[in-house]
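Read through the structure below, which is laid out as structure tokens, and then see the notes.
The values are calculated or read from the model by the stated rules, or taken from the named source; none is laboratory data. The structure displayed is predicted, hence computed values, not measured ones. Every residue, glycine as well, gets a Cβ built from its backbone with ideal geometry; the counts of neighbours run over all protein chains shown. SASA here: full protein model, heavy atoms, side chains in, ligands and nucleic acids out. Shrake-Rupley method; radii C 1.70, N 1.55, O 1.52, S 1.80 Å.
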Amino acid sequence: MRFLPALTRVAALGAAAVLAATALTACGDDASTSEAANPYGLLQPGVLRAGTLTDAPPNVYLKDGKFTGFDNDLLTAVAAKAGLKVEFVGTDFSALLSQVNNHKFDVGSSSITITEARKKTVDFGNGYDFGYFGLDVPAGSPITGFDQLAGKRVVVVQGTVQDDYATGQHLNPVRVPDYNGAINQLKAGTADAWIAPAEIGEKSAADSSGKITVAAKQLSPAPTAYAFAKGNDKLRAALNKGLDEVIADGTWTKLQAQYYPGRPIPADFTPGSGSVPVPTASAAS
């Protein structure tokens, strides 16, 4: 076995140490460069991939092949403040939150009411909207209120806060995967009532050619917000900041007037962080 002279061995060890240090520095530079290019850990740098629905106007829906609605138009404006473009992808609401937390989507946009149960799956941004429960019934139904649903066949979209409400009221609801499924049950007379987001219920009734009417509505117990994967605090903070900015510049107020004309804003609701004033409709126009 041959042994290197002592000085040669020292030189070799020194060279190896230098190479190792250089490699570590290079790795560190690569990580820093990657983080700088994609600071929010997005699936694609610069692009916010948003899971949403196709059939829930005026909140989220497809129109002429484009995702639109209050929630989605607002998200586009909010993301722009952070220098991001939005790519919308349709999905079912029942799968949306798990898909967000599993990083299939960077964010969930679908008029998602904040609940303690949902906080176990995802993190929420600041609230950007309030909502009402609507009670849709077939035309000619004797049902006029939420207190008349016991023993009735009540349909809800699975996984929604309306599903939570119906379950909490022991109504044993019929669960469907999307809003079209609920609408079709009412039209066919296979359901006595549908508990829906009020704006969606009102739009569905208006588009039903007189087959569906709105019997009642009541204020939802919590605000709606965008959903984020657990621990994605940088993205959540950036979009919370962007939300405050679109509230301050009047975009939020304009979109409210566009999608919910004449809808009063509850006195105890403030969108965003609550630290910025909300322009009136006249000031934002």
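Backbone phi angles across segment 243-256, fed through the Karplus curve with coefficients 6.51, -1.76 and 1.60 (θ = phi - 60°), yield HN-Hα couplings of 4, 4, 5, 6, 6, 5, 8, x, 4, 4, 5, 5, 5, 4 Hz in residue order; Gly and Pro are listed as x. Counted by Cβ distance under 14 Å from Ser141, the other residues give a net charge of +2, where Lys and Arg count +1 and Asp and Glu count -1.
Going highest first, how would you order 242-248, 205-211, 119-125 by mean Cβ packing within 10 Å? Write out the running numbers ahead of the final one.
Values: 242-248: 21.9, 205-211: 13.4, 119-125: 17.6.
Descending mean neighbour count gives 242-248, 119-125, 205-211.
Only Lys, Arg, Asp and Glu carry charge here, each on its Cβ (+1 for the first two, -1 for the last two); on that basis the chain has a dipole of about 580 debye about its Cα centre.
Spacing of the modelled spin labels on Thr144 and Ser273, each 7 Å from Cα toward Cβ, amounts to 4.8 nm. Local charge for Leu239 was computed over the other residues whose Cβ lies under 14 Å away, with Lys and Arg +1 and Asp and Glu -1, and equals 0. Here the Karplus relation 6.51 cos²θ - 1.76 cosθ + 1.60, evaluated at θ = phi - 60°, turns the backbone of segment 108-123 into coupling constants of x, 10, 6, 6, 8, 6, 6, 9, 5, 5, 5, 5, 6, 9, 9, 9 Hz, with x for every Gly and Pro. Sorting 167-173, 148-154 by their mean Cβ neighbour count within 10 Å, with the most densely packed peptide first, gives 148-154, 167-173.
With semi-axes defined as the square roots of five times the eigenvalues of the C-alpha gyration tensor, the equivalent ellipsoid of segment 161-253 measures 33, 18, 12 Å, largest first.
Any idea what the relative contact order of the chain is, in percent, if you count C-alpha pairs under 8 Å spaced at least 6 apart?
Values: 500 pairs, mean separation 63.8, N = 285.
Over the chain, the number comes to 22 percent.
Over segment 212-285, what portion of Cα pair distances is larger than 18 Å, expressed as a whole percent? In whole percent, the share of Cα-Cα pairs in segment 212-285 beyond 18 Å is 51. Excluding ligands, DNA and RNA, the accessible surface per residue across segment 149-285 is 47 Å² with a 1.4 Å probe.
Between amide H atoms placed 1.01 Å from N, distances below 5 Å from Ala215 occur with Leu135, Asp136, Val137, all of them 5 or more places distant or on a separate chain.
Would you work out what percent of the accessible area of the chain, with all protein chains in place, is carbon or sulfur (probe 1.4 Å)?
On the way: 7710 of 13990 Å².
Answer for the chain: carbon and sulfur cover 55 percent of the accessible area.
Projecting the Cα atoms of Thr224, Pro57, Leu235 onto the dipole axis of the chain, where Lys and Arg carry +1 and Asp and Glu carry -1 at the beta carbon, places Leu235 farthest toward the positive end.
When the charge dipole of segment 94-185 is built from unit charges on Cβ atoms (+1 for Lys and Arg, -1 for Asp and Glu) and taken about the Cα centre, the candidate among Thr167, Ser109, Leu135 whose Cα reaches farthest toward its positive end is Thr167.
What percent do you get for the relative contact order of segment 153-285 when only Cα pairs under 8 Å and 6+ apart count?
On the way: 119 pairs, mean separation 23.7, N = 133.
Relative contact order comes out at 18 percent.
Most mobile of Arg175, Arg263, Arg236 per a Gaussian network model of the chain (Cα springs, under 10 Å)? In the Gaussian network model the winner is Arg263. Distance between the pseudo-spin-label points of Asp92 and Ala206 (7 Å out from Cα toward the beta carbon): 2.9 nm. Two-decimal Rg/Rh of segment 76-133 from alpha-carbon positions, Kirkwood Rh? Answer for segment 76-133: 0.95.
Output the direction-averaged projected area (hull surface divided by four) of the convex hull of the alpha-carbon atoms of the chain, in nm². Could the numbers behind the result be given before it?
Values: hull surface 90.5 nm².
Projected area, direction-averaged: 22.6 nm².
Between helix 179-188 and the chain there is an angle of about 20 degrees, using the helix long axis and the longest principal axis of the Cα atoms.
In summary, the lysines within cross-link reach of Lys66, defined as a Cα separation below 24 angstrom excluding same-chain residues under 8 places away, comprise Lys81, Lys85, Lys104, Lys203, Lys254. Between the helical axis of 70-81 and the longest alpha-carbon principal axis of the chain there is an angle of about 30 degrees.
Here is the P(r) of segment 88-168: all C-alpha pair distances, binned every 5 Å from 0, give 3, 11, 23, 20, 16, 11, 9, 5, 2, 0 in whole percents. Among beta bridges from DSSP that stay inside the chain, the antiparallel ones total about 65%.
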